[in-house]
Amino acid sequence: MEKPEFWEASFVDKKEMWGFTPAQSTVMTNDFFVSQTLKNILVPGIGYGRNAQLFRENGMTVTGIEISKTAIEMARKHYGDTLKIFHGSVTDMPFDHQKYDGIFCYALIHLLDEEERKKLIRDCYNQLEEGGYMIFTMITKEAATYGTGKHLGPDRYEIIEGVKLFFYDLESVHREFDPFGLIDITTVPENFPFFLVKCRKNEK
């Protein structure tokens, strides 16, 4: 499961807990997707859609994947049935055989263990059109929470019960993403220090 156990309860208790303003990483990704005239976007871990609506407002078709039924219900309430969302874990990708020219995965990959991260990156790459782009954001070792809580393995900690995070540095970004067309790494200040990692699928 890519989200902590308290995820469903958090939605029930807090509803739209992050509001509807897209994250800074989303704004940057949207600007890039628009500049590349991308039209068909996959968003693994779409939540209730706040980081997908901006793409839709700019003429892109968005398909999501989300494990929380509550989040999916909220997305439908706010954005209607035109936002297609597969119910399930990103660890069970792919959910369709469609190729996408853009994939955006926000603040999710660092919640997975090593094998799950490898599978997610590979599955996303496999669903890209040739020449398509995939963009991931993830927490970095500059975060104040790095090194706190229970040590689970290299750069991975359970910072509170049920919340397991892998903290990236440049070395681990290159290790995991170089085989999948890594072209850029940008530092983005969100609630935590993040990397925005951009990959392109080479055309044959």
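The values are calculated or read from the model by the stated rules, or taken from the named source; none is laboratory data. What you see is a predicted model; the values in this text were computed from it and never measured. For neighbour counting, all protein chains shown are included, and Cβ atoms are generated from backbone atoms with ideal geometry for every residue, glycine included.
Quick check on this structure: which one of 177, 166, 192 is in contact with a His (Cβ under 6 Å, 6 or more places away or on another chain) and of a type in the set (A, V, I, L, M, F, W, C)? So that I can check it myself, show each step before the final result.
Details: 177 fails: in contact with a His (Cβ under 6 Å, 6 or more places away or on another chain); 192 fails: in contact with a His (Cβ under 6 Å, 6 or more places away or on another chain).
Of the residues listed, the single one that is in contact with a His (Cβ under 6 Å, 6 or more places away or on another chain) and of a type in the set (A, V, I, L, M, F, W, C) is 166.
So which of 70, 61 ends up being of a type in the set (Ser, Thr, Tyr) and more than 18 Å from residue 111 (Cβ to Cβ)? Reasoning before the result, please.
Working: 70 fails: more than 18 Å from residue 111 (Cβ to Cβ).
Every option except 61 fails the conditions.
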Item to check | Lone unmet requirement of (1) aromatic (Phe, Trp, Tyr); (2) over 16 Å from residue 52 (Cα atoms); (3) in contact with a Gly (Cβ under 9 Å, 6 or more places away or on another chain) for residue 100 | outcome: (2)
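Residue-wise test of (1) farther than 19 Å from residue 104 by Cα; (2) free of Cβ contacts under 8 Å to residues at least 12 places away in the same chain.
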position	(1), (2)
123	no, no
129	no, no
135	no, no
160	yes, yes
164	yes, no
168	no, no
176	no, no
189	no, no
201	no, no
Next on the checklist: I'm checking my understanding of the structure. Among residues of the stretch 92-117 that are closer than 23 Å to residue 192 by Cβ and either surrounded by fewer than 19 Cβ atoms within 10 Å (Cβ to Cβ) or among the basic types (Lys, Arg) (or both), which one is nearest to the chain's Cα centre (by Cα)?
Outcome noted: 117
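Can you tell me which residue within the stretch 19-28, out of those that are touching a helix residue (DSSP H, G or I) at 6+ places or on another chain (Cβ under 8 Å) and part of a helix (DSSP H, G or I), is nearest to residue 108 (Cα to Cα)? Full working, then the answer.
Let us first name the residues in the stretch 19-28 that are touching a helix residue (DSSP H, G or I) at 6+ places or on another chain (Cβ under 8 Å), namely 20, 22, 26-27.
Filter again for part of a helix (DSSP H, G or I), leaving 26-27.
On the way: 26: 13, 27: 17 Å.
Across the stretch 19-28, the extreme among qualifying residues is 26.
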Checklist entry - Could you say which residue among 171, 158 is in a strand (DSSP E or B) and either among the basic types (Lys, Arg) or at pLDDT 95 or above (or both)? => result 158
